[in-house]
Amino acid sequence: MIKLSDVNYTYMSGGPFEKAAVKDINLELKTGQFVGIIGHTGSGKSTLIQLMAGLLKPDSGKISIDGQTLYGKATNMRKLRFQIGFVMQYPEYQLFEETVFQDIAFGPKNMGLSEEEIKRRVHFAAKLVGLDDEILGKSPFELSGGQKRRAAIAGVVAMEPKLLILDEPTAGLDPGGRDEILCKIRDMHRRLGITVVLVSHSMEDIASLADKIVVMNHGEIAMKGTPDEIFKNAARLKEMGLAVPQIAEVCMKLREAGLPIPEGIYTVSAAKAELEKILKAKEKR
Amino acid sequence: MLKDITLGQYFPGNSLIHRLDPRTKILCIILYITVIFCVKNFWGYGVLAAFTAICIISSKIPFGYVIKGVKPILIFVIFTALFNLFLTNGRVLWSWGFLKITYEGVRLAAFMVLRLFFLVLGTSLLTLTTSPIALTDGIEKLLSPFKKIGVPAHELAMMMTIALRFVPTLLEETEKIIKAQTARGADFESGNIINRAKAMIPILIPLFVSAFRRADDLAVAMECRCYRGGENRTRLKELKMTTADIWGWLFVTVLAVLVFTSNILL
Amino acid sequence: MKNTDTVIEIKDLEFSYEDSDANKTDAVLKGINLCVKKGEFLAVLGHNGSGKSTLAKHLNAILVPKNGTVLVDGIDTADENSLYDIRQKVGMVFQNPDNQLVATIVEEDVAFAPENLGVEPSEIRKRVDYALDAVNMTEYKEHSSGMLSGGQKQRIAVAGVLAMKPEVVVMDESTAMLDPVGRREIMDTVKKLNRQEKMTVVMITHFMEEAAQADRVVVMDKGEIVMEGTPKEIFCQVEALKKIGLDVPQTTELLYSLKKSGFKLATDLLTVEECAKEIETVFSKIGGALCD
């Protein structure tokens, strides 16, 4: 679906605006995948997703979405961006319209859709993120923090992109708000069958959602693979200053102590199931 | 781009120029600018160049870094130069159709370029060697005699401090919002002037909302740090005139005298 | 009589925000009673809207009680004449690192509060140097704050508060906008202040990992204090915490769910090491060798 070959990007060096550059990025994501991107601040992960979203032009290399090249000669970038949804960090800062309805409709309107289609999409997107119809008539600035965040995400989802990129959608939210957003994102991914790219600092969140993980370090892809493959390598993640899901660490310690827990266990429920299995096997003997 | 502007940036250091009292520097720069616009011949510019070079060298800031300050106004400089070059009447040196270059034009263009060049170098050197707080303190102190006639010296200085502090933050924010709205298909490039102005709304409203929120937060944070206006406020770095300042004064006065005598004698 | 071990004493605190429509007067704080002891590290845990930030704003008189009293070092926060004494005693660090630094250059920002208090320049110098050293930012003193990371900016904000020589430092969700590295920096700084400088710290947060490092935890929900105790006492109450929209560490959750399905193990353990150790010992007790 999206393919990056030998992509390089360097920011203007010097000055207070210097950001992380990325080098030699080769990455291919398949339609319907849920991809988690991890890496600490300055690792180049936010540059990477902006390149994917067509918001930055690579210095060299090629990025294509379903065969269309980003910034290609024959490509209408504005039209191509309609297919890519980008939810920035703290997306509530993008709200500007008089009502939530109008704000969610901003994207679809830019796409030149009919009134009816816009209306359908707004209601659909609002429902997906869990906003009631009565909220649609309110000013976006009246909403609570969590609601604002969801309204902003709805504004992107309403464009019905094939690829949805989210940059730390749960930053600053409390556990309740975080679980709600993650649950909606999982829901969207399942129901719409779209490709989702999620950037997060929380290993626990990534572990529970993604089926492919990309680890960025110093502007390069340090690791990529399934969560099992990535979290197996806890030592390497720690080297890069990244955390490992707590449960993966517990399992590692238990393995060291001789308990026969297989690798690739990193959620509470999986760990519980494994431990119960071990117990049953013991009781049989 | 906005990001290349060195004007207004501070280059930390401990040179003689850095240590001068900001009031000295502000008043010297005013005199320096007056001198720039009074120079009437190339001897004067020679003196000016020597003076500026001595200042830059003693500030210990890399020469290239100071020169970089000229870059953003380069187009403006070139435009002014061409304007003077072609549109000044006088002894014709070269002509082609309606275009003609005169001796006076060449002279005037060169003067204009040099003036702008020295102007930017001088002011860059001021901001590069003076921290924003010192600069605003200097302005506050210089304005304080006018408090009696109602000039809010402290408030003006505080406003400048905060503005300087928030410029980079808001620039970064603007960039972020532009990206977010671009991703939502906003079109900033096509259409007539009214459409383009309308296209700015999705950027301006979030920017204002954010600026107000920041101002609100900052006000509370300042109150929590016991801010209550300029009354009885002390300073980490009290402004103090030292012998270095006297030398600074003498130095600039010598420059002024040299330039004015060269104007009369040559 | 004034209790010398208590820095802040909150009695029957009630508060509601004035609303434009008069019928909407939801109480934000409903009768809070709380004492902050000298030298302790207290965490106030709660979800957004639980009233924890409103409570924080009462600690240095940004808000004053509708009913009840808040005493800081024996001074009533409602006494307007002592406003600056209270604010000097209780320093507050906020959520957004970008919105609380006043001056561009690090040391000049740290000097802001003592300058406002009219402290002698030589003394300001001492305080600024001390405060920057306490947060480990001395080498950045002449830097521009725009170049710093979020965690570093927040440490400058802490230093700016320390320069007032306060008795209590209140961190009002000061880690909410930081990345894991920045959060760790702030937690390390706060713990160091508490242990080495004997600073009283009140940490308002919704991250349970942070609350777990405090001496005492107070849990708030709907404007009331619903739990109080040591981190271990609090986090073993998995159901109750989840019910009010809070998290428990995954380690605790694993132990809890194992216990629910019949294992006999302790659930008041927080770290990965403690959790692994507990499972290991319990499993080795259940007859036979672990492996074949």
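Please give the total accessible area that chains B and C bury against each other, computed with a 1.4 Å probe and expressed in Å² to the nearest 100. Chains B and C together bury approximately 3100 Å².
In region C:65-104, burial by the other protein chains removes 40 Å² or more of 1.4 Å probe accessible surface, compared with the chain on its own, from C:TYR84, C:ARG87, C:PHE94, C:ASP98, C:ASN99, C:VAL102, C:THR104. Taking amide H as placed 1.01 Å from N in the peptide plane, A:GLY36 has its amide H under 5 Å from the amide H of A:LEU198, A:ASP211, A:LYS212, A:ILE213, A:VAL214, each at least 5 places away in sequence or on another chain. Computed about the Cα centre, the dipole magnitude for chain C is approximately 660 debye when only Lys and Arg (+1) and Asp and Glu (-1) carry charge, each at its Cβ. Springs join every pair of Cα atoms under 10 Å in this Gaussian network model of chain A, and among A:PRO262, A:PRO161, A:PRO91 the largest mean-square fluctuation is at A:PRO262.
Work out the length of the dipole vector of region B:128-266 about its Cα centre, built from +1 on the beta-carbon of each Lys and Arg and -1 on the beta-carbon of each Asp and Glu, and round it to the nearest 20 debye.
Approximately 180 debye in magnitude.
Calculated mean residue ellipticity, 222 nm, chain C: -10500 deg cm²/dmol, from DSSP H runs (n ≥ 4) at -39500 (n - 2.57) each, averaged per residue and rounded to 500.
Rounded to the nearest 20, the size of the Cβ-charge dipole of the protein assembly as shown about its Cα centre is 2340 debye, with Lys and Arg at +1 and Asp and Glu at -1. Output the pairs from C:LYS52/C:LYS165; B:LYS60/B:LYS147; A:LYS109/B:LYS176 with a Cα-Cα distance over 27 Å in this structure; if there are none, say none. Those over the limit are B:LYS60/B:LYS147.
Using a Gaussian network model of chain C in which every pair of alpha carbons under 10 angstrom is joined by a spring, one finds that among C:SER53, C:SER144, C:SER122 the greatest mean-square fluctuation is at C:SER122. Counting Cβ atoms of other protein chains within 10 Å of each residue's Cβ and taking the mean over peptide C:178-186 gives 3. For region B:195-211, putting each phi into the Karplus relation 6.51 cos²θ - 1.76 cosθ + 1.60 with θ = phi - 60° gives couplings of 4, 5, 5, 4, 5, 7, 4, x, 9, 5, 4, x, 5, 5, 4, 5, 5 Hz, in residue order, rounded to whole numbers and with x for Gly and Pro.
Remark: spin-label model distance C:ASN33-C:GLU80 equals 3.1 nm, labels positioned 7 Å along the Cα→Cβ axis. Tell me which of A:ALA151, C:GLN95, B:ILE139 sits at the most positive position along the dipole axis of the protein assembly as shown, charges placed on C-beta atoms (Lys, Arg +1; Asp, Glu -1). Sorting the options by dipole projection puts first B:ILE139.
On the protein heavy atoms, probe 1.4 angstrom, tell me the percent of accessible surface of region A:79-152 carried by carbon and sulfur.
Looking at region A:79-152 in its full context, I get 46 percent from C and S.
Taking every protein chain into account, the 1.4 Å probe leaves A:GLU98 with about 140 Å² of accessible area, to the nearest ten. Largest GNM mean-square fluctuation across B:ILE194, B:ILE78, B:ILE56, computed for chain B with C-alpha springs under 10 Å, falls on B:ILE194. Take every pair of alpha-carbon atoms less than 8 Å apart whose residues are at least six positions apart; their mean separation over the length of chain C yields a relative contact order of 21 percent. A 1.4 Å probe over all protein chains sorts B:LYS71, C:LYS191 by accessible area into B:LYS71, C:LYS191, starting with the largest.
Cross-link partners of A:LYS30 among lysines, defined as those whose alpha carbon lies under 16 angstrom from its own and excluding same-chain residues fewer than eight positions apart: A:LYS3, A:LYS162, A:LYS212, A:LYS224. Counting only Cα atoms, region B:155-233 measures 56, 21, 16 Å along its principal axes, largest extent leading. Please name whichever of B:MET159, C:THR6, B:LEU31 sits farthest to the positive end of the charge dipole of the protein assembly as shown, dipole taken about the Cα centre and charges placed at Cβ: Lys and Arg +1, Asp and Glu -1. Among B:MET159, C:THR6, B:LEU31, the one farthest towards the positive end of the dipole of the protein assembly as shown is B:LEU31.
One chain, two ends: B:PHE260 and B:LEU31. Fully extended at 0.36 nm per residue, the span grows by 81.2 nm beyond their Cα-Cα distance.
Computed with a 1.4 Å probe on the full set of protein chains, the accessible area for A:HIS201 sits at about 40 Å². Amide H contacts for C:THR200 (H built 1.01 Å from N in the peptide plane; partners 5 or more residues away or on another chain; cut-off under 5 Å): C:GLY39, C:VAL169. Solvent-accessible surface of protein heavy atoms, probed at 1.4 angstrom with all chains present, puts B:ASP187, C:ASP215, B:ASP137 in the order C:ASP215, B:ASP187, B:ASP137, largest first.
Residues of region A:190-211 whose accessible area (probe 1.4 Å, heavy atoms of protein chains only) drops by at least 20 Å² once all protein chains are present, relative to their chain alone: A:HIS201, A:GLU204.
In region B:1-142, how does Rg compare with the Kirkwood Rh, expressed as the Rg/Rh ratio over alpha carbon atoms?
On the way: Rg = 17.5 Å, Rh = 16.6 Å.
Taking Rh as the inverse mean 1/r over Cα pairs, Rg/Rh reads 1.06.
Over both sides of the C-A contact, add up the buried accessible area with a 1.4 Å probe and give it to the nearest 100 Å². Buried area (both sides, nearest 100 Å²): 3100 Å². Take the Cα of C:LYS198, go 7 Å toward its beta carbon, and the backbone nitrogen atoms of region C:164-182 under 17 Å from that spot belong to C:165-169. In region A:138-244, one over the average inverse separation of all distinct C-alpha pairs is 15.3 Å, which is the Kirkwood hydrodynamic radius. Kirkwood analysis of the Cα pair distances in region C:168-292 returns a hydrodynamic radius of 16.3 Å. Dividing the mean sequence gap of close Cα pairs (under 8 Å, 6+ apart) by how many residues region B:155-233 holds gives a relative contact order of 34 percent.
Ignoring ligands, DNA and RNA, what percent of the 1.4 Å accessible area of chain B is carbon and sulfur?
So the carbon and sulfur contribution to the accessible surface is 73 percent.
Relative contact order for chain A: what percent, with Cα pairs under 8 Å and sequence separation of 6 or more? Worked out over chain A, it gives 22 percent. Placing C:LYS198, C:LYS232 in order of accessible area, with the largest value first and a 1.4 Å probe, yields C:LYS198, C:LYS232.
What the phi angles of region B:219-227 give under the Karplus curve with 6.51, -1.76 and 1.60, with θ = phi - 60°, is a coupling list of 4, 5, 4, 5, 5, 5, 9, 6, 6 Hz, glycine and proline written as x.
Think of the protein assembly as shown as having a plus end and a minus end, set by charges on the Cβ of Lys, Arg, Asp and Glu; of B:LEU204, B:ALA109, C:THR252, B:ALA109 sits farthest toward the positive end of this dipole.
Take the solvent-accessible surface of the protein heavy atoms, probe 1.4 Å, and return the percent of it on chain C that carbon and sulfur atoms account for. Exposed carbon and sulfur together represent 48 percent of the surface. Per the Cα gyration tensor, chain C maps to an equivalent ellipsoid with semi-axes of 37, 26, 17 Å, ordered largest to smallest. Note on region C:91-192: the alpha carbon radius of gyration divided by the globular reference 2.2 N^0.38 Å gives 0.97. Of the whole protein surface, A:ASP179 contributes about 80 Å² of accessible area at a 1.4 Å probe radius.
Straight Cα distances below 14 angstrom link C:LYS153 to the aspartates and glutamates C:ASP98, C:GLU107, C:GLU108, C:ASP109, C:GLU139, C:GLU142, C:ASP179, C:GLU185, with same-chain residues fewer than 8 positions distant left out. Restricting the calculation to Cα atoms, region C:68-125 shows an Rg/Rh of 1.05 when the hydrodynamic-style radius is the Kirkwood one. Using a probe of 1.4 angstrom and keeping all protein chains present, the accessible surface of the protein assembly as shown works out to 45 square angstrom per residue. Roughly what angle does helix C:150-162 make with the longest principal axis of chain C, taking Cα atoms, 0 to 90 degrees, to the nearest 10? Between the helix axis and the principal axis of chain C, the angle is about 60 degrees.
What is the count of Lys pairs in region C:224-284 whose alpha carbons sit under 19 Å apart, if the two are 8 or more places apart or on different chains? Taking the Cα cut-off of 19 Å, the pair count is 13. Shown for chain B is the translational diffusion coefficient from the Stokes-Einstein equation, using the Kirkwood radius over Cα pairs, a temperature of 37 °C and a viscosity of 0.692 mPa s: 148 µm²/s.
Its Kirkwood hydrodynamic radius, worked out from the mean inverse distance over all distinct Cα pairs, puts region A:19-144 at 17.0 Å. Placing R0 at 41 angstrom, the Cβ-Cβ distance between B:ASP217 and C:GLU273 gives a FRET efficiency of 0.55 after rounding to 0.05. Of the three principal axes defined by the Cα atoms of the protein assembly as shown, the extents in descending order read 113, 79, 60 Å. Rounded to whole numbers, the Karplus 3J(HN,Hα) couplings from phi for region A:188-200 are 4, 4, 5, 6, 9, x, 8, 7, 10, 10, 10, 9, 8 Hz, using 6.51 cos²θ - 1.76 cosθ + 1.60 with θ = phi - 60°, and x at Gly and Pro. For the interface of B with A, what's the total buried accessible surface in square angstrom, probe 1.4 angstrom, rounded to the nearest hundred? What B and A bury together is about 2200 Å².
For region C:44-149, taking Cα atoms only, Rg and Dmax work out to 16.3, 47 Å respectively. Note on chain A: helix-only mean residue ellipticity at 222 nm, from DSSP H runs of 4+ residues weighted -39500 (n - 2.57) and normalised by residue number, equals -12500 deg cm²/dmol.
The values are calculated or read from the model by the stated rules, or taken from the named source; none is laboratory data. What you see is a predicted model; the values in this text were computed from it and never measured. Don't worry about glycine lacking a Cβ; one is built from the backbone with ideal geometry, like all the others, and counts go over all protein chains shown. Areas reflect the complete protein model, heavy atoms only, side chains present, ligands, DNA and RNA absent. Shrake-Rupley method; radii C 1.70, N 1.55, O 1.52, S 1.80 Å.
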